[in-house]
Structures are given as C-alpha cells and as structure tokens.
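One structure is given here, and the rest of the page talks about it.
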Amino acid sequence: MNELLKKSATEQSKALRSKEISAVELTTAAFERINELDEKLGTFNSLTKETALETARKVDEKIARNEELPLLAGVPLALKDNMNLAGSRTTASSKILENFVSPYNATITEKLLNNLVPIVGKANLDEFAMGSSNENSAFRKVYNPWDLKRVPGGSSGGSAASVASCEATLALGSDTGGSIRLPASFCGIVGMKPTYGKVSRYGLIAFASSLDQIGPFARTVEDAANLLEVISGHDPKDSTSLNLPVERYSEHLSNDIHGLKIGVIKELMTEGLSEDVAKAVERAIDDYKKLGAQIVEISLPNIKHSIGIYYILATAECSSNLARFDGVKYGYRTPNAQSLMEMYTKTRAEGFGPEVKRRIMLGTYALSSGYYDAYYKKAQQMRALVTQDFIEAFKKVDILLSPTCPNTAFKMGEKADDPLAMYLTDIATISANLAGIPGLSVPCGFDRDGMPIGLQLLAPQLHESKLFNAAHKFERANDYYLQLAKI
Ligand code: GLN
C-alpha cells in the first residue's frame with residue numbers, strides 16, 4: 001500500500017500541494033488498495049473509476065497552473081450507495097434497485113464534484129439503510145477491518161470499513177438512528193451526524209425523512225469537520241434544509257475547552273454496558289477533566305423510550321417512502337405477473353429483503369386506522385418529551401457524553417436472527433435523531449480483544465463547532481487515532 005493512503009486528508013492535501021504525489025497517483029493508489037481488499041472486506045457495491053480519475057486530473061491541472069485548490073481537492077472519498085451520482089448505479093444494497101442508474105446528482109455529490117473530491121465508489125450498506133451490522137445487504141456482507149469475523153456496524157458499514165482500511169480517506173454515510181456513529185465506533189474512526197437540516201437530503205434515498213441526515217466519516221476530527229464544511233449549506237431542493245451560512249468548523253478546533261461543561265448521560269452508563277467500554281469511557285472522562293472541562297452527571301429520563309419511539313416513527317415513515325418501489329417507473333419488475341396487482345405484489349415480494357419487509361409491515365400497522373392514535377400519535381408525543389429532555393439538559397451543560405454503543409463490534413451472525421437484540425445496539429445513538437441534534441463518535445480506546453471503542457458527544461442544534469472542538473481536543477490528547485487496523 002502507498003504509505004500516503006494511511007495519512008489524514010489534511011496531510012494528503014499538503015502532499016498534493018507540494019507535488020510529493022499527484023492526484024491521479026493518489027487516486028490510483030486508492031484503487032489498488034480497494035482491489036487488494038475487495039474480497040476480504042466487501043466494502044463497495046460498485047467502483048466509479050472514470051469519475052474519480054477525471055476529477056483527479058482536474059486537480060492536477062489546477063496544481064500545474066498554480067491555481068488555488070478547494071479544501072479537500074484530490075482526497076479519495078467513498079459514497080454510501082444510497083446517494084445519487086449521475087450515471088452510476090445507486091442500489092441502496094437492494095435487489096429492487098440492483099440495476100438502477102442515477103439520472104441525476106444528489107446535492108452533496110454536486111458539492112463534492114465542485115470541490116474536486118474524487119469519488120472512488122459506492123459503499124455497501126444494510127438494505128435501504130435498515131440495520132446495525134451491514135448483514136442486511138442484499139449483495140454481500142461487509143467485514144470489520146480490525147477482525148474479519150466481526151461486523152463493521154451498520155448501516156453505513158461499507159463507508160466506515162473503507163476509511164478504517166485506508167481504501168478511502170473520507171466517506172459519507174447517512175444516519176437515521178445511528179448509522180454513521182455506530183459503524184464509526186465499531187471501526188475505530190470518526191463519524192458525525194449533523195443537526196437535522198444542515199446537509200441537504202436531495203438525492204439521498206429516503207428511509208425516514210424526519211430523521212435522515214448525511215454526515216462525514218474520517219480518521220481525524222479535523223478531516224470530518226472539513227468534509228462537513230464542504231457538504232453542508234442551504235438547498236432549495238430540500239424543503240427541510242436550513243437557510244444558514246456555512247460555518248468554518250476548522251477555525252474553532254483548537255479552542256481552549258477550560259470550563260466546558262460536559263454532562264455524562266446517567267442512563268447510558270449503567271445497564272448492559274460492557275466492562276471494557278465502561279472503563280474506556282471513564283478514562284475519557286478523566287482526560288476531559290485534565291483538559292479543564294467540568295464534568296457533571298445528567299439524567300435524560302425519557303431516553304429509555306427512544307428505541308420504542310424510533311421503531312414506530314422510522315417504520316411508519318419508511319412504509320410510506322418505500323411505496324414508490326412498485327415496479328412501475330424504475331427498479332426491479334417481476335417477470336411473471338398476470339395482472340397489475342400481481343405485478344405490484346410480486347415485484348415487492350421478490351425485490352425487498354426480510355428486514356425491509358418487516359419494517360414496512362410494522363410501519364403500515366402503526367399508521368393504520370384504529371392503531372394510528374395508539375402508536376404513531378403516541379410516539380410523536382413521546383418524541384417531543386425526548387427532545388424536551390435534551391433542551392433541559394443543555395440549559396445545564398454545553399455538551400453531553402456517553403459511549404456510542406454499549407458494546408464493541410460483535411461477531412458475524414451473532415444477532416442476525418434476533419431483530420430486537422440488533423435494535424438495542426442503537427440505544428445510545430437514536431435519541432439524537434429524534435431530537436435533531438448533532439452527534440459524533442470519536443475513538444476512545446480498545447477492548448480486551450483489540451476492538452475499537454467509540455465515545456459519543458452530543459451538542460445542542462447548530463452547535464457542531466463545539467462538538468468538533470471538544471472531540472479534537474480529546475483526540476489529540478491520545479493516540480488512538482494514529483492506530484490503524486492491521487489489514
Ligand atoms: N440501526 C438503525 C436501524 O436499523 C439505524 C439505521 C440508520 O441510522 N440508518 O434502523
């Protein structure tokens with residue numbers, strides 16, 4: 001492997017600018033790495049070599065002309081395969097979209113291309129982003145680069161594994177209930193879910209529209225902050241997009257955090273927490289004390305309901321969003337139907353995998369007349385209570401802290417037959433989506449088997465600067481971020 005692939009985006013940018021390597025060489029090196037690991041890891045659904053090299057050539061031309069380069073120009077990036085890149089396949093890891101070619105770019109894709117970021121491929125995921133282990137992909141599983149017997153986390157498992165294994169330096173994922181933060185923690189990298197509305201969802205295949213948000217993966221906090229800067233901003237094509245100026249997160253990364261008030265979420269430090277994760281989080285708390293932060297305990301009494309609330313709202317929204325996949329306009333259509341109704345039912349029965357079907361059925365039930373008030377309406381009311389818990393907490397503290405997940409990456413197959421056990425892995429991440437607040441996972445150590453542990457930080461809406469600052473300070477007080485998966 002080319003040693004530069006192991007470096008951060010910031011360092012790669014420097015190497016490009018100083019002509020130590022050309023963008024075409026760096027991108028080509030990334031493809032060599034991908035080819036070397038493809039069978040072992042299963043990270044990508046498809047590669048977009050032509051687009052990537054075309055972008056890299058543009059970077060090299062600019063460098064040759066001594067022109068100013070955009071922030072992350074020339075740094076190889078993996079796109080989760082539920083985001084559109086015109087002319088490439090966008091499958092959401094589902095049979096129903098197996099041969100679907102995007103006719104247009106997502107807004108984030110447009111921004112990446114304008115910033116000359118080479119997109120190397122479309123990363124594998126749980127079908128329609130539903131899952132926590134990437135075992136729900138209709139095509140193949142993704143393996144954790146730290147231990148090939150374990151899952152990388154989901155649903156953005158391909159994105160996380162690509163960055164952890166240095167196939168790509170950056171990646172984008174989508175986070176509806178933890179799908180960026182969980183795989184980031186399982187793969188020992190940084191993953192960040194922005195405030196709802198910060199990043200345009202135009203061109204992202206919708207799962208649960210009131211919860212979905214696109215965000216960055218990287219091996220350093222600084223790289224994640226820079227990537228968010230590139231992809232965020234108002235977009236008239238997404239009616240939930242916030243009309244606010246793009247922030248310069250990198251300018252605040254090194255701010256002093258003396259006196260920063262950090263609340264440790266009481267409910268996430270007790271039940272079901274693995275001993276090694278608990279120890280790592282305690283160590284992180286000590287590190288923050290040394291950095292001058294003030295630590296207090298905070299209770300979020302309604303957080304225990306968040307999984308129940310999420311699995312009503314997310315399934316209700318997905319049952320509606322996925323109604324469009326009916327074989328009429330695009331995607332898979334059953335070849336053996338005698339009537340229109342049979343065409344619909346067979347297309348969906350043959351095209352969707354078991355987890356997606358389970359979600360559609362749960363959501364349809366929760367929205368059905370007679371049950372709507374008992375389930376959907378109640379869940380909406382409870383969502384407001386969870387949000388209120390955060391509003392109260394942030395009156396007392398600047399940011400909140402918890403483990404990203406009560407355990408580290410589990411073995412392949414361990415939870416595959418037990419949906420409830422799988423759903424429980426999201427206990428710490430889901431509430432941030434319900435409240436629309438930003439959350440980040442940063443590496444904070446390893447368990448007894450050498451598997452990475454993630455620390456979750458949460459901030460009030462629109463305070464991503466504070467989040468990046470606190471995470472960067474912690475990251476640089478340790479060397480976890482310098483330890484890479486040995487693969
Ligand atoms: N694991 C959660 C689910 O299965 C979250 C997925 C996500 O954030 N996309 O729904």
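The values are calculated or read from the model by the stated rules, or taken from the named source; none is laboratory data. Since the structure is predicted, the reported quantities are computational estimates derived from the model, not experimental observations. Cβ atoms come from the backbone with ideal geometry, glycine included; neighbour counts cover every protein chain shown. Quick note on the areas: whole protein, heavy atoms, side chains included, nothing else; ligands and nucleic acids left out. Shrake-Rupley method; radii C 1.70, N 1.55, O 1.52, S 1.80 Å.
For the reader, a short list of remarks on this structure follows.
- Each helix, a run of at least 4 DSSP H residues, gives -39500 (n - 2.57); summed and divided by the residues of the chain, these come to -11500 deg cm²/dmol at 222 nm.
- Cross-link partners of residue 198 among aspartates and glutamates (Cα-Cα below 20 Å; sequence separation of 8 or more within a chain): 110, 175, 212, 222, 223, 229, 235, 238, 247, 251, 398, 464
- Both radii were evaluated on the Cα set of segment 373-487; the Rg over Rh quotient, with Rh as the Kirkwood radius, amounts to 1.03.
- Phi-based couplings in Hz for segment 255-268 (Karplus 6.51, -1.76, 1.60; Gly and Pro marked x): 3, 5, 10, 4, x, 4, 9, 10, x, 8, 6, 4, 5, 9
- For residue 46, residues with placed amide H under 5 Å, excluding near neighbours: 122
- Shape class of segment 210-330 from the Cα gyration tensor (axes a ≥ b ≥ c, square roots of the eigenvalues): oblate, since a/c reaches 1.5 or more and a/b does not exceed b/c.
- Carbon + sulfur, % of accessible area of segment 16-109 - ligands and nucleic acids excluded, 1.4 Å: 45 percent
- Estimated dipole of the chain in Debye, rounded to 20 [Cβ of Lys and Arg +1, of Asp and Glu -1, Cα centre]: 500 debye
- Rounded Å value of the spacing that divides the Cα centres of segment 108-138 and segment 188-265: 16 Å
- Carbon and sulfur %, accessible surface of segment 329-487 computed with the full protein complex present, 1.4 Å: 56 percent
- The residues of segment 447-487 expose, per residue, 40 Å² of accessible area to a 1.4 Å probe.
- Beta bridges from DSSP with both residues in segment 1-142: antiparallel share about 50 percent, rounded to the nearest 5.
- Only the Cβ atoms of Lys and Arg (+1) and of Asp and Glu (-1) were treated as charged; on that basis the dipole of segment 287-327 about its Cα centre amounts to roughly 180 debye.
- Inverse of mean 1/r across different Cα pairs in segment 1-59, Kirkwood, Å: 12.2 Å
- At a probe radius of 1.4 angstrom, the accessible area of segment 283-362 per residue rounds to 51 square angstrom.
- For segment 321-360 and segment 64-105, distance of Cα centres in Å: 26 Å
- Net charge, residue 355 excluded, C-beta distance under 10 Å - Lys, Arg +1, Asp, Glu -1: 0
- Beta bridges by DSSP in the chain, antiparallel share as percent, to the nearest 5: 65 percent
- Peptides 315-328, 61-74, 194-207 ranked from most to least packed, by the mean per-residue count of other Cβ atoms within 10 Å: 194-207, 315-328, 61-74.
- Sequence-distant residues sharing a close amide H with residue 410 (under 5 Å, placed H): 151
- For segment 120-259, the solvent-accessible area of protein heavy atoms averages 23 Å² per residue (probe radius 1.4 Å; ligands and nucleic acids excluded).
- Listed residues 264, 131, 148: farthest to the positive end of the dipole of the chain (Cβ charges): 131
- For residue 455, the residues 5 or more places off, or on other chains, whose built amide H falls under 5 Å of its own are 404, 442, 444.
- For segment 294-407, the Kirkwood estimate of the hydrodynamic radius, built from every pair of different alpha carbons, is 17.0 Å.
- Unit charges at the beta carbon, dipole of segment 344-442: most positive-side option, 387, 360, 430: 360
- Electrostatic dipole magnitude of segment 341-456 [Cβ: Lys, Arg +1; Asp, Glu -1; Cα centre; debye, to 20]: 300 debye
- Ranked by the mean number of other Cβ atoms within 10 Å per residue, highest first, peptides 210-218, 75-83 order as 75-83, 210-218.
- Surface/4 of the Cα convex hull for the chain, nm²: 21.6 nm²
- Taken one residue at a time, the phi angles of segment 249-254 give Karplus couplings (6.51, -1.76, 1.60, θ = phi - 60°) of 4, 4, 5, 10, 4, 9 Hz. Gly and Pro are set to x.
- The HN-Hα couplings worked out from phi for segment 219-226 by the Karplus form 6.51 cos²θ - 1.76 cosθ + 1.60 (θ = phi - 60°) are 8, 9, 5, 4, 4, 5, 4, 5 Hz, whole numbers, x standing for Gly and Pro.
- Distance violations [Cα-Cα > 21 Å] among 141/415; 304/357; 40/122; 40/149: 304/357
- Exceeding the 19 Å Cα-Cα cut-off - candidates 7/80; 396/466; 7/289; 80/111; 193/466; 396/473: 7/80; 7/289; 396/473
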